[in-house]
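S.K.: One structure follows; several queries about it will come next.
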Amino acid sequence: MIRAHMATSLDGFVAGANQTLEKPFGDHTEHFNDWLWELAAVRKTFGKTGGDTGPSNDVFLDRTANIGAFVMGRNMFGGGPGPWAKEPRWDGWWGENPPYHAPVFVLTHYPRDPQPMEGGTTFHFVTDGIESALAKARAAAKDKDVVVAGGAQAVGQALRAGALDMLELHLIPQIVGAGARLLDGIPPAILQQDRVVPANGVTHLRYRIRRV
C-alpha cells in the first residue's frame, strides 16, 4: 500500500506562505503539530516519559506501523533550492539519527550520492520523477507499506500519478489564509471515508482512494 498522512488547516493549507530554513512550515503554522508533540509515543522516541495516551496516540502508532520505505519532496528534506552545497552539507532537519529508520527517496532535480545516517535511515536522491521514486520505494519496502511523507507537491504528484491508496488528513482547527494547498490540480477521484477520529486539537480523517 502507498499512503500519505498530512496535517492541514480548515482552509486546506498544509504549509503557510513564506517558507524558509528558519520557518520550514511557513507563516501561521506554529501550532500545526501541537497535538503531535505531546503524544506518549512521540515523547518515547525522544527518550521522554509520560504524554497523551488518548485517540491521537493510537492514530500515531497506527500510521507509523508497517512502513518499509518513504518518499519525500526536496522542500521537506530541506537544504534550500538549487544544486546541493558541499559545505556545509545538508543532511535533513533531523540530526544524525532521523526518525525514519528505513530507506527514504528524496525527489530532486540535482544528483547526489546516497546519504546513510544512524538508525537505519538512508536518503536516496531521485532525479527522474515521482514514478521512479515510488518504484524504488516499493522495491525497498518489499511487503511493507510506502509512505509519501510530504510535502504538498510530493503528495500531489503521487495523487496525480494515481499511485496513492490511502490519504489521512490531520485537520487542525485553524485558518492559515495562504500557502501550499494539498489538493490543487488533483484529477477527479472518489475518496471512501475509512475512519474519523476526533481528538484534542485535531480531527483525524482517513480515506481510501478509488480511481474514476
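The values are calculated or read from the model by the stated rules, or taken from the named source; none is laboratory data. Since the model is a prediction, treat every value here as computed from it, not as a measurement. Cβ atoms come from the backbone with ideal geometry, glycine included; neighbour counts cover every protein chain shown.
S.K.: Given the criterion over 24 Å from K23 (Cβ atoms) and buried (at least 18 other Cβ atoms within 10 Å of the Cβ), identify the matching residue among V146, V196, V176, V155.
M.R.: So the residue among V146, V196, V176, V155 that is over 24 Å from K23 (Cβ atoms) and buried (at least 18 other Cβ atoms within 10 Å of the Cβ) is V146.
S.K.: Go over the candidates T64, T49, T8, T53 one by one and state the one that is touching a residue at least 40 places away in the same chain (Cβ under 8 Å) and hydroxyl-bearing (S, T, Y).
M.R.: Only one candidate passes the filter, namely T8.
S.K.: Conditions: (1) assigned to a loop (DSSP other than H, G, I, E, B); (2) of a type outside the set (A, V, I, L, M); (3) over 27 Å from P187 (Cα atoms); (4) modelled with pLDDT under 95. G162 meets all but one. Number of the miss?
M.R.: (3)
S.K.: Then there is this: Of A102, A139, A161, A135, which residue is crowded, with 19+ Cβ neighbours inside 10 Å, among the hydrophobic types (A, V, I, L, M, F, W, C), without any contact (Cβ under 8 Å) to a residue 60 or more places away in the chain and more than 17 Å from N75 (Cα to Cα)?
M.R.: Going through A102, A139, A161, A135 in turn, just one is crowded, with 19+ Cβ neighbours inside 10 Å, among the hydrophobic types (A, V, I, L, M, F, W, C), without any contact (Cβ under 8 Å) to a residue 60 or more places away in the chain and more than 17 Å from N75 (Cα to Cα): A102.
S.K.: Quickly run through segment 1-43 and pick out the residues that are farther than 20 Å from G201 by Cβ and of a type outside the set (V, I, T).
M.R.: M1, R3, A4, A17, N18, Q19, L21, E22, K23, P24
S.K.: For L191, state whether it is touching a residue at least 12 places away in the same chain (Cβ under 8 Å), under 16 Å from I209 (Cβ atoms) and crowded, with 18+ Cβ neighbours inside 10 Å. Quick ask: steps written out before the conclusion?
M.R.: Values: touching a residue at least 12 places away in the same chain (Cβ under 8 Å): yes; under 16 Å from I209 (Cβ atoms): yes; crowded, with 18+ Cβ neighbours inside 10 Å: no.
Answer is no for this residue.
S.K.: Now, a different point. Condition first: small (G, A, S) and modelled with pLDDT under 95. Now tell me which residues in segment 98-126 satisfy that.
M.R.: G119, G120
S.K.: Of the conditions (1) assigned to a loop (DSSP other than H, G, I, E, B); (2) farther than 22 Å from E30 by Cβ, R210 fails just one. Which one is it?
M.R.: (1)
S.K.: Restricting to segment 179-198, give me the number of residues that are small (G, A, S) and in contact with a Phe, Trp or Tyr (Cβ under 7 Å, 6 or more places away or on another chain).
M.R.: The qualifying residues number 2.
S.K.: Just one of (1) in contact (Cβ under 8 Å) with a residue 24 or more places away in the chain; (2) of a type outside the set (S, T, N, Q); (3) under 17 Å from M76 (Cβ atoms) trips up H124, so point out which.
M.R.: (1)
S.K.: Return yes or no: is V146 more than 21 Å from F32 (Cβ to Cβ) and in contact with a helix residue (DSSP H, G or I) (Cβ under 6 Å, 6 or more places away or on another chain)?
M.R.: Against the criterion (more than 21 Å from F32 (Cβ to Cβ) and in contact with a helix residue (DSSP H, G or I) (Cβ under 6 Å, 6 or more places away or on another chain)), V146 qualifies.
S.K.: Of all residues in segment 11-36, how many are surrounded by fewer than 21 Cβ atoms within 10 Å (Cβ to Cβ), in contact (Cβ under 8 Å) with a residue 24 or more places away in the chain and within 14 Å of the chain's Cα centre (by Cα)?
M.R.: Within segment 11-36, residues that are surrounded by fewer than 21 Cβ atoms within 10 Å (Cβ to Cβ), in contact (Cβ under 8 Å) with a residue 24 or more places away in the chain and within 14 Å of the chain's Cα centre (by Cα) number 3.
S.K.: Turning to a different aspect of this structure: Pairs needed: first member in segment 75-97, on the phi > 0 side of the Ramachandran plot; second member anywhere, part of a helix (DSSP H, G or I) and surrounded by fewer than 13 Cβ atoms within 10 Å (Cβ to Cβ); C-beta distance under 9 Å; at least 6 residues apart or different chains.
M.R.: Matching pairs, first to second residue: G95/E118.
S.K.: Search segment 61-96 for residues being farther than 23 Å from A180 by Cα and of a type in the set (A, V, I, L, M), and hand back the single one that is modelled with the lowest pLDDT.
M.R.: A85
S.K.: For segment 169-207, enumerate the residues that are more than 20 Å from R63 (Cα to Cα) and in a loop (DSSP other than H, G, I, E, B).
M.R.: Across segment 169-207, the qualifying residues are P173, Q174, I175, V176, G177, A178, L183, D184, G185, I186, P187, P188.
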